[in-house]
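*Asks:* Have a look at this one before I ask anything.
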Amino acid sequence: MAYHHGDLAAALLTAGLELTRSGGPEALTIREVTRRVGVTPNAAYRHFPDRQALLDAVSAAIQADMAGRMATGRPPAGPRETLRAVGLGYIAFALAEPGWFAVAFFGAGDVTPDTVVDSPAYSALAEALDMMVHIGDLAPSGRAAATWSCWSTVHGFAELALRGPLRHVDGAEVWRLAEQAVDTVIAGLPAVV
């Protein structure tokens, strides 16, 4: 892809997305992105002051795409079903896009709980849990712990399936186990008594 006119920042972002899709965060370099776009590295620095700034922009675009895919899989049902769809959507994205998954959660530098709260994937989870609290299906006192329990379950499962012992298991069996993991964590959320 050669850059001739238009929005250089968008062209650099697109090239960054292409590189990281298969290669993860390590594949992203200013030199390779600018080579693909057909400009000098100095041109990129007018839009992204350094590699980390470009990687942050790529990560944000990936997270937005991930949240969109998670929303697509949600059935028009109650909050528990929505929470299940969000969790399985997270795992499905990780399995389908391992390079992007690595960028989304490990490419953005020092991620803190505060920066995670701003991510679209977190927002999808938070909305489902908030709705469960609102309708009385989740105890308000358990809301904060539910966030990290749910997220660590789906994230941990995705990592086990991508880089751990589950990477050697048949895809259909991995998906069955993913559904079981998500269902188990949802069943364990504290109900209002």
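The values are calculated or read from the model by the stated rules, or taken from the named source; none is laboratory data. Keep in mind the model is a prediction, meaning the values are calculated, not measured. With ideal geometry, Cβ positions are generated from the backbone for all residues, glycine too; neighbour counts draw on all protein chains shown.
*Asks:* Can you list the helices (runs of 4 or more DSSP H) lying wholly within segment 1-90 that have 2 or more residues being surrounded by fewer than 21 Cβ atoms within 10 Å (Cβ to Cβ) and under 15 Å from the mean Cα position of the chain (by Cα)?
*Replies:* 8-23, 51-72
*Asks:* Considering each residue of segment 117-157, count those that are among the polar types (S, T, N, Q) and free of Cβ contacts under 8 Å to residues at least 40 places away in the same chain, and give that number. Spell out how you get there, then give the answer.
*Replies:* Kept after step one, since they are among the polar types (S, T, N, Q), are these residues of segment 117-157: 119, 123, 141, 147, 149, 152-153.
From the residues that got through so far, the ones that are free of Cβ contacts under 8 Å to residues at least 40 places away in the same chain too are 147, 152.
Selection size over segment 117-157: 2.
*Asks:* Let me ask you something else. Where residues in segment 67-124 are farther than 19 Å from Thr184 by Cβ and charged (D, E, K, R), which of them is modelled with the lowest pLDDT?
*Replies:* Checked segment 67-124; the qualifying residue modelled with the lowest pLDDT is Arg74.
*Asks:* Another question, then. Tell me which residues, restricted to segment 91-104, are among the aliphatic types (A, V, I, L, M), free of Cβ contacts under 8 Å to residues at least 60 places away in the same chain and crowded, with 22+ Cβ neighbours inside 10 Å.
*Replies:* Ala104
*Asks:* Considering only segment 147-183, how many residues are out of contact with any helix residue (DSSP H, G or I) (no Cβ under 9 Å at 6 or more places or on another chain) and of a type in the set (A, V, I, L, M)?
*Replies:* 1
*Asks:* Okay, next question. Which one is modelled with the highest pLDDT, of the residues in segment 164-191 that are outside any helix (DSSP H, G or I) and within 16 Å of Ala128 (Cβ to Cβ)?
*Replies:* The selected residue is Gly188.
*Asks:* I'm told Gly136 meets every condition in (1) buried (at least 16 other Cβ atoms within 10 Å of the Cβ); (2) at positive phi except one. Can you identify the failing condition by its number?
*Replies:* (1)
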